[in-house]
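The values are calculated or read from the model by the stated rules, or taken from the named source; none is laboratory data. Computed from a predicted structure; not experimentally measured. Neighbour counts are summed over all protein chains in view; Cβ atoms, including those assigned to glycine, are modelled from backbone coordinates with ideal geometry. Accessible surface is based on the protein model in full, side chains and every heavy atom, while ligands, DNA and RNA are left aside. Shrake-Rupley method; radii C 1.70, N 1.55, O 1.52, S 1.80 Å.
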Amino acid sequence: MRALRVMKIRSAASSKDLSRSELVVGFVPEKGKPTLAGVLVDAVAHAETTGDIARGARKWCLFHPPVRVKGPKRLAFVGLGKPDELDTENLRRAVAVAQANAEAAGVASFDLVIGDADHRGIDAFDAGVVVAEGLVLGAYRYQPPKKEEPKARKAHDVAVHYVGRQRASFEDGLALGRTAAVATNWARDLENMAPNHADPARLARAAKGLAGGSLKVKVMERAQLERLGMGALLGVARGSSKPPKLIVLDWHPRGARKCVCVVGKGLTFDSGGISIKPAAKMDEMRYDMCGGGAVLGLFHAIAHGALDDAARKTRVIGVIAAVENMPDADAQRPGDVVRAFDGTTIEVLNTDAEGRLVLCDAIAWAIKTYEPQKLVDLATLTGAVIVALGHECAAVLGNDQALVQELIDAGKAADEPLWQLPLWAEHKKQLESKFADLANINGSHHGGGTIAGAAFLWHFVGKTPWAHLDIAGTAWGGRSKEYATMGATGTAVRTLLHWVRGQK
Ligand code: BES
Ligand code: MN
Ligand code: ZN
């Protein structure tokens, strides 16, 4: 893989002389005075008299101080909007606006100044996290393979100056936010990659590259999956010339007493199989591995120290079912009956409902092998979730309300909101089949496609507390966030990190 070109973030002493800076960026609230030091205060005061300061949320204004005056070459402000509307998401978005405009200004480096008054209501650690995230996520661009070498990126060197008494907490947050955002961008690269490049073997290699220390990675090949009897997963893989991989990441800190599993759908391409999808936007089915991408991103963060100060007593297992769903002479047909790892027979009424088929084997195997206290799966499982919830939140469903709530809380902390949908015994019954224990789709008269997908998985989790995240709406295609403007969002990496860090 190409070397990840990570933005350089330095935290600088607030007293550092900014007079040589190419660009100094500060924040202004909608009302009241900014509490920034020195040159910025004077500049705001002056801009106030000329009426040139824009204070609305995410408004950007750039000034060129007179050439003979000693000071930075350029000064800019980002509006923070109304103080009572300032939250972590709005701060992250404001920082992404600063990054984008600094880049557009063409500077090689810039200085970002943030004072304690700029994050009133947000604790200093969290402010540090979102500032790093806004910078690093905002700077993300997918670098497609091209004939020409890409140009060096602008504004890729940022010094962050914290003005206030909680500098230590802010900088701890800055470090964690950077780790989380770099991991997210790394996942986004895999997610955006062409489906012929990011195939199951490629995901397996990416996972292996993370191994070291307390993190072990193994990849189970087709022959082993056959021996284990994963007929549901293997049925999906039949139509592809690319062999399936079950990728297992095992973070096992010394003295771990508890174990949690995260399982990701890793369909590197979903053509629908014999129940083939329409041609329009079929290329977007490269993103059908974003559940797996979230799991990989989580382990990238873990491998780079994101749990070193927390959750040391929890073993974290990641499982990714990396498979390609293609039509072929040997592909499974609608009506085929397959036997899952746990012995359940499944009638495959629609080969395009393949995510649940690979996940049911991965989940049942993970539960049998690791006996986790909790299991979370993530999948771009249904188009129906986009109909129900759009692109602003993902769906969460599960068999254990306390676990569902933990994920809702983690999503809130990461500003990746989750919205719970119901999952009831009735939904489980809707998957009855005349030809097997279970059908892989419900009848169209039942509706509720997202619930049906979760209900199918529910058959395989037994008594283990389990939550399912349907991320088909949030993995790509949203338009509202300045730090995710194109392609894959790397969704749920940060949510999973918050959740795992909260496990005691
Ligand atoms: N990967 C798709 C879900 C999907 C579709 C996500 C479009 C984002 C956009 C999944 O494998 C799928 O095809 N689901 C079917 C299920 C149906 C056959 C019951 C769907 O949503 O149409
Ligand atoms: Mn499908
Ligand atoms: Zn799919």
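Taking the stretch 441-481 as the search range and keeping residues that are out of contact with any helix residue (DSSP H, G or I) (no Cβ under 6 Å at 6 or more places or on another chain) and of a type in the set (S, T, N, Q), which one is farthest from ligand 3 (Cβ to nearest atom)?
By that ranking, first place goes to SER480.
Quick check on the stretch 33-53: of everything there that is among the hydrophobic types (A, V, I, L, M, F, W, C) and surrounded by fewer than 16 Cβ atoms within 10 Å (Cβ to Cβ), which residue is modelled with the lowest pLDDT?
Within the stretch 33-53, the match that is modelled with the lowest pLDDT is ALA37.
Looking at ARG315, ARG286, ARG333, which one is open to solvent by 30 Å² or more (accessible area, probe 1.4 Å) and part of a strand (DSSP E or B)? Please lay out each step first, then the result.
Numbers: ARG286 fails: part of a strand (DSSP E or B); ARG333 fails: part of a strand (DSSP E or B).
Answer to the selection: ARG315.
Residue under question is THR314, and the condition is that it be of a type in the set (Ser, Thr, Tyr), touching a Lys or Arg at 6+ places or on another chain (Cβ under 6 Å) and over 30 Å from ASP172 (Cα atoms); does it hold? Give the derivation first.
On the way: of a type in the set (Ser, Thr, Tyr): yes; touching a Lys or Arg at 6+ places or on another chain (Cβ under 6 Å): yes; over 30 Å from ASP172 (Cα atoms): no.
Spelling it out, it is not the case that THR314 is of a type in the set (Ser, Thr, Tyr), touching a Lys or Arg at 6+ places or on another chain (Cβ under 6 Å) and over 30 Å from ASP172 (Cα atoms).
Looking only at the stretch 342-376, which residues are within 14 Å of ligand 3 (Cβ to nearest atom) and either part of a loop (DSSP other than H, G, I, E, B) or open to solvent by 10 Å² or more (accessible area, probe 1.4 Å) (or both)?
ASN350, THR351, ASP352, ALA353, GLU354, ARG356
Can you tell me which of TRP466, TRP424 is at pLDDT 95 or above and surrounded by fewer than 22 Cβ atoms within 10 Å (Cβ to Cβ)? Lay out the reasoning, then the answer.
Numbers: TRP466 fails: surrounded by fewer than 22 Cβ atoms within 10 Å (Cβ to Cβ).
It is TRP424.
Quick grid of which residues meet (1) within 18 Å of VAL262 (Cβ to Cβ); (2) in contact (Cβ under 8 Å) with a residue 40 or more places away in the chain:
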| position | (1), (2) |
| --- | --- |
| GLY293 | yes, yes |
| ASP309 | no, no |
| ASP328 | no, yes |
| VAL337 | no, yes |
| ASP361 | yes, yes |
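Can you tell me which of ARG141, ARG153, ARG120 is basic (Lys, Arg), closer than 17 Å to GLY79 by Cα and open to solvent by 10 Å² or more (accessible area, probe 1.4 Å)?
Details: ARG141 fails: closer than 17 Å to GLY79 by Cα; ARG153 fails: closer than 17 Å to GLY79 by Cα.
Exactly one residue qualifies, and that residue is ARG120.
With respect to GLY490, is the statement that it is on the phi > 0 side of the Ramachandran plot, assigned by TED's automatic domain parsing to the domain that holds VAL387, at pLDDT 95 or above and of a type outside the set (D, E, K, R) true? Let's see the steps before the verdict.
Numbers: on the phi > 0 side of the Ramachandran plot: yes; assigned by TED's automatic domain parsing to the domain that holds VAL387: yes; at pLDDT 95 or above: yes; of a type outside the set (D, E, K, R): yes.
For GLY490, the condition - on the phi > 0 side of the Ramachandran plot, assigned by TED's automatic domain parsing to the domain that holds VAL387, at pLDDT 95 or above and of a type outside the set (D, E, K, R) - is met.
Residues TRP251, TRP186: which one is in contact with a His (Cβ under 6 Å, 6 or more places away or on another chain) and away from ligand 2 (no atom under 16 Å from the Cβ)? Spell out the reasoning first.
On the way: TRP251 fails: in contact with a His (Cβ under 6 Å, 6 or more places away or on another chain).
Result: TRP186 is the single residue among TRP251, TRP186 that is in contact with a His (Cβ under 6 Å, 6 or more places away or on another chain) and away from ligand 2 (no atom under 16 Å from the Cβ).
If GLY411 satisfies all but one of (1) within 16 Å of ligand 1 (Cβ to nearest atom); (2) in a helix (DSSP H, G or I), what's the number of the condition it fails?
(1)
Quick one: which residue in ASP126, ASP118 is in contact with a strand residue (DSSP E or B) (Cβ under 9 Å, 6 or more places away or on another chain) and either without any contact (Cβ under 8 Å) to a residue 60 or more places away in the chain or not hydrophobic (A, V, I, L, M, F, W, C) (or both)? Full working, then the answer.
Numbers: ASP126 fails: in contact with a strand residue (DSSP E or B) (Cβ under 9 Å, 6 or more places away or on another chain).
Answer to the selection: ASP118.
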